[in-house]
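The values are calculated or read from the model by the stated rules, or taken from the named source; none is laboratory data. The shown structure was predicted, so the numbers you read here are calculated from the model rather than taken from an experiment. Every residue, glycine among them, receives a Cβ derived from its backbone with ideal geometry; neighbour counts consider all protein chains shown.
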Amino acid sequence: MNILGILFNFVVFPGFLFSAFVGLLLTWVDRKVTARIHWRVGPKIYQPYADFLKLLIKETIVPEGSSRTLFFLGPLLGVISMSIFAVMIFQMNFDPTSTFVGDLIVMIYLLAVPAIGIILGGSASKNPLASVGASREMTQAFGYELPFLVSMAVIVLKAGGTIKFGEIIAVQQSGGPFLYSLSGIIAAVVILFTIQAKLSFVPFDIPEAEQEIMAGPYIEYSGVTLAMYKITRAMMFFLMPLFLVSVLWGGLTSWWAVLKVLLFVVLIILIKNTNPRLRIDQALKFFWVGLGLLSIIGLVLAFYGK
């Protein structure tokens, strides 16, 4: 593939522009469903796009005494990582033979980069509340990554030990989705709650807790930099349910995959609207004890072919 093709994939489809467009559409679905739950009408379909464009034309203010490099690097890391992730997940769904050794590990790392960007940005802001939020983000990441990695080990085990994303999809296309097994269901539950935490959605919106620390690591961000954080979360809201469908429910084999992704999106929204925020110690206990033990049970069941 020539350099123009690579740039097109990264910037237009299936990279930044496409993933951002669909992600913002799903944020409208989130706001609309949430409004209906609260007996409200909700916004028009164009509202997330209008909000994003409004941020782009506002002034970007850099706090005095902060590290300008880290302040701008934080939001940029998330956008770049999710754009690369989008290209990989679509490329290997459409052409599983394009996979390479260890690409699953690369994708796991890419999913962790947005949290690193939030930590860097919050720490660079020189604001006490931003530092608290960054600290909470780091602590929560340590909590949810362990059960997430164990659940990914379940998937690798069920795929015959391969760490190639394309081969995991191919195995499901030939032998049936992993979700149709007990260990697959357990892995799906664990990954679903991990997605909730990676998105910082209730009950895991601890790092930004508006009622406690106003906006946490985002408190000093405005204009384009805040828009980059917003668009990163929108892209994750689209790509992570798609990732879950790919590794456990057969991938993008037909148009039914769209409904599968929407099903997980709706589940995320319902969890968000039916739970109170946890404290950071409660979240760690939930991830390490609750989901941790559940993921280990899933790994044992996968080892015995269940």
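Need at least 2 residues that are under 19 Å from Gly78 (Cβ atoms) and under 17 Å from the mean Cα position of the chain (by Cα) per element, so show me which helices (runs of 4 or more DSSP H) inside the stretch 196-281 make the cut, counting only ones lying wholly within it.
Helices (runs of 4 or more DSSP H) meeting the threshold: 223-248.
Scan the stretch 193-214 and tell me whether some residue there is modelled with pLDDT under 95, surrounded by fewer than 21 Cβ atoms within 10 Å (Cβ to Cβ) and of a type in the set (Gly, Ala, Ser).
Yes, the conditions are met somewhere in the stretch 193-214.
Somewhere in the stretch 32-51, is a residue surrounded by 17 or more Cβ atoms within 10 Å (Cβ to Cβ) and of a type in the set (S, T, N, Q)?
no
Looking at (1) closer than 30 Å to Thr253 by Cα; (2) surrounded by fewer than 23 Cβ atoms within 10 Å (Cβ to Cβ), can you tell me which one Ile168 breaks?
(2)
Out of the residues in the stretch 13-36 that are among the aliphatic types (A, V, I, L, M) and within 20 Å of the chain's Cα centre (by Cα), state the one that is farthest from Met240 (Cα to Cα).
Val33
(1) out of contact with any helix residue (DSSP H, G or I) (no Cβ under 6 Å at 6 or more places or on another chain); (2) in a helix (DSSP H, G or I); (3) of a type in the set (Val, Ile, Thr): which one isn't true of Thr162, the others all being true?
(2)
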